[in-house]
Amino acid sequence: MNIFLLLLIGICLSMDTFSLSLSLGTFNIVKKKCILFSCLVAMFHFIMPLLGVILGNSINLSPSKINGIL
């Protein structure tokens, strides 16, 4: 992975986290639930890209294989 791709993933995840923070700050939610939501989103921000890399490597379709399928 090059640095541009990592920077792009980081920007996308930070924009998603900002929207969560903005929505939690707008409503009067108990602090315990805010922490729970934040931990849940952080867990998914860790698991989903990792799962995508694992599935992408296991599928391992090159462009020539895709042309053969189509």
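The values are calculated or read from the model by the stated rules, or taken from the named source; none is laboratory data. None of these values were measured; they are calculated from a predicted model. Note that each Cβ is placed from the backbone with ideal geometry, even for glycine, and that neighbours are counted across all protein chains shown. Surface areas here come from the heavy atoms of the whole protein model, side chains and all, with no ligands, DNA or RNA. Shrake-Rupley method; radii C 1.70, N 1.55, O 1.52, S 1.80 Å.
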Cβ-Cβ below 8 Å, separation at least six or inter-chain, first residue in region 44-56 and closer than 17 Å to Asp16 by Cα, second at pLDDT below 85 and among the acidic types (Asp, Glu): which pairs? His45/Asp16
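Does Met1 satisfy the condition of being open to solvent by 90 Å² or more (accessible area, probe 1.4 Å), within 18 Å of the chain's Cα centre (by Cα) and at pLDDT 80 or above? First the steps, then the outcome.
Details: open to solvent by 90 Å² or more (accessible area, probe 1.4 Å): yes; within 18 Å of the chain's Cα centre (by Cα): yes; at pLDDT 80 or above: no.
The answer is no for Met1.
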Identify, please: which residue in region 14-47 is β-branched (Val, Ile, Thr) and assigned to a helix (DSSP H, G or I) and is, among those, surrounded by the fewest Cβ atoms within 10 Å (Cβ to Cβ)? Thr26
Regarding Ile11, is this residue assigned to a helix (DSSP H, G or I) and at pLDDT 85 or above? yes
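Which of the residues that make up region 56-70 are loosely packed, with under 10 Cβ neighbours inside 10 Å and either modelled with pLDDT of 85 or more or not β-branched (Val, Ile, Thr) (or both)? Before you say what the answer is, go through the steps one by one.
Restricting attention to region 56-70, the residues satisfying the condition of being loosely packed, with under 10 Cβ neighbours inside 10 Å are 57-60, 62-64, 66-70.
Passing the criteria: Asn57, Ser58, Asn60, Ser62, Pro63, Ser64, Asn67, Gly68, Leu70.
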